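A.B. asks: The structure's right below; bear with me while I get my questions together.
Just so it is clear, none of the values below were taken in a lab; they were calculated from the coordinates. For clarity, every value in this text was computed on a predicted model and none was experimentally measured. Here the Cβ positions follow ideal geometry from the backbone for every residue, glycine too, while neighbour counts run over all protein chains shown.
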Amino acid sequence: MYEELNCFEEALKHFGTRVDVIIAMEMARKIDPEDAYQRIKNELRDVKKCRKLWRKGYDPCPDYDDIEETTGEVIIHN
């Protein structure tokens, strides 16, 4: 349907995937419910920041090559 997603849409897609993983980990009892809640809360905070910057006309999303696969953290290489 869409050829290219904008930055905010990419952030939403990433958020959905991360929430799915967090819920699966909580259901498998790998993390406790409070930890799952805090992780989802942090993910939502990041999406809100991205949306705010996107509305102002900035491109807040890093290149996906800069995202570390094991932790999901963004590493900026200068």
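A.B. asks: What lysines sit close enough to LYS56 to cross-link, taking a C-alpha to C-alpha distance under 27 Å and skipping anything fewer than 8 places away on the same chain?
C.D. replies: LYS13, LYS41, LYS48
A.B. asks: Can you tell me which of 20-33, 37-50 comes out highest on packing, and rank the rest after it, using the mean Cβ neighbours within 10 Å?
C.D. replies: Values: 20-33: 12.5, 37-50: 14.4.
Peptide ranking by packing, descending: 37-50, 20-33.
A.B. asks: Separate question: Need the full-extension length gain, ARG29 to ARG45, defined as separation in residues times 0.36 nm minus the C-alpha distance. One decimal, nm. Don't skip to the answer; put the middle values down first.
C.D. replies: Working: separation 16, 0.36 × 16 = 5.76 nm, distance 2.42 nm.
Residue separation times 0.36 nm, minus the Cα-Cα distance, leaves 3.3 nm.
A.B. asks: While we're on this one: Please compute the contact order of segment 7-66 in relative form: average sequence separation of alpha-carbon pairs under 8 Å and at least six residues apart, divided by the residue count, as a percent.
C.D. replies: Taking the mean separation of contacting Cα pairs over the length of segment 7-66, I get 46 percent.
A.B. asks: Now, a different point. If each residue of separation counts as 0.36 nm, what is the full-extension length gain between LEU53 and GLU10 once their alpha-carbon separation is subtracted? Don't skip to the end; give the middle numbers.
C.D. replies: On the way: separation 43, 0.36 × 43 = 15.48 nm, distance 1.36 nm.
Gain on extension, LEU53 to GLU10, equals 14.1 nm.
A.B. asks: Of ALA36, GLY16, CYS50, which is farthest on the positive side of the dipole of segment 7-66, counting Cα position, with +1 on Lys and Arg Cβ, -1 on Asp and Glu Cβ, and the Cα centre as origin?
C.D. replies: The one lying farthest along the dipole's positive direction is CYS50.
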